[in-house]
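Peer 1: Please see the structure below; I have some questions.
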Amino acid sequence: ISLIRILWLLMQVKLMPDNPGGEGSETQEETERLLAEAVKNELLYRAIVIALWTGFRKESIYTLHAKDIDLDARRIHKITKGGKQTTVPITATLAVFLKPLVDRGDWLLPSPVNPGEHISINSDLGFTEACKRAGIEDLRFHDLRHTMATRFFLVTGDIVATGKMLDHRKVTTTQRYINLPGERLGELVDKFDQGGRNE
């Protein structure tokens, strides 16, 4: 499956509601513009896709190796912040995207200057410039973690599962990552009202 086809598939999924506000608040249109700019830089594009579908921190993405990924079980086994071993399930879409990279048996983001090593964890990979070209202001790579958290919660409604995906120990930490848009709260109030009438 081609990189362009993967890009098209990813852009069909609404990653964020429009104008939710707060960190990781890029709209669907902005996410599409960012992906369109990032696809020009293969390593940056890989990093952004992995961030949007796993919620991994930048360091975990930059140091991701093929051996960390079990495509048959659709799991990533990774040592994360604080030296903690974590296992995160991945979607079928992400598994398709990762397969050719895993088949190489190497770092997913190999260093262009040090063969056999992963990219420097201090590298920006051109993220700042891609955001500028996409017309997105004040977006940090870490904000993609917030984007993933908000999207996962809006789709599943499960804050505990969202926290597990982010490897959070406390629900209060996860709550800070979720940017619930006002219109979504209104939908939930209507749902609550309808549920009350059915009793």
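Peer 1: Of the peptides 97-110, 34-47, how do they stack up when ordered by the mean number of other Cβ atoms within 10 Å, highest first?
Peer 2: 34-47, 97-110
Peer 1: Next question. Gln28 versus Lys84, label points 7 Å from Cα toward the beta carbon: distance in nm?
Peer 2: It is 3.3 nm.
Peer 1: Still on this structure, I have one more. Taking the radius of gyration and the Kirkwood hydrodynamic radius from Cα positions alone, what is the Rg/Rh ratio for the stretch 40-199, to two decimal places?
Peer 2: 1.03
Peer 1: I would also like to ask the following. Once you have the Cα-Cα distance between Leu71 and Asp124, take 0.36 nm times their residue separation minus that, and quote the gain in nm to one decimal.
Peer 2: Gain in length upon complete extension: 16.3 nm.
Read-outs throughout are calculated quantities, based only on the coordinates presented, and are distinct from any laboratory measurement. These numbers come from a predicted model, not from an experiment. Backbone-built Cβ (ideal geometry, glycine too); neighbour counts: all protein chains shown.
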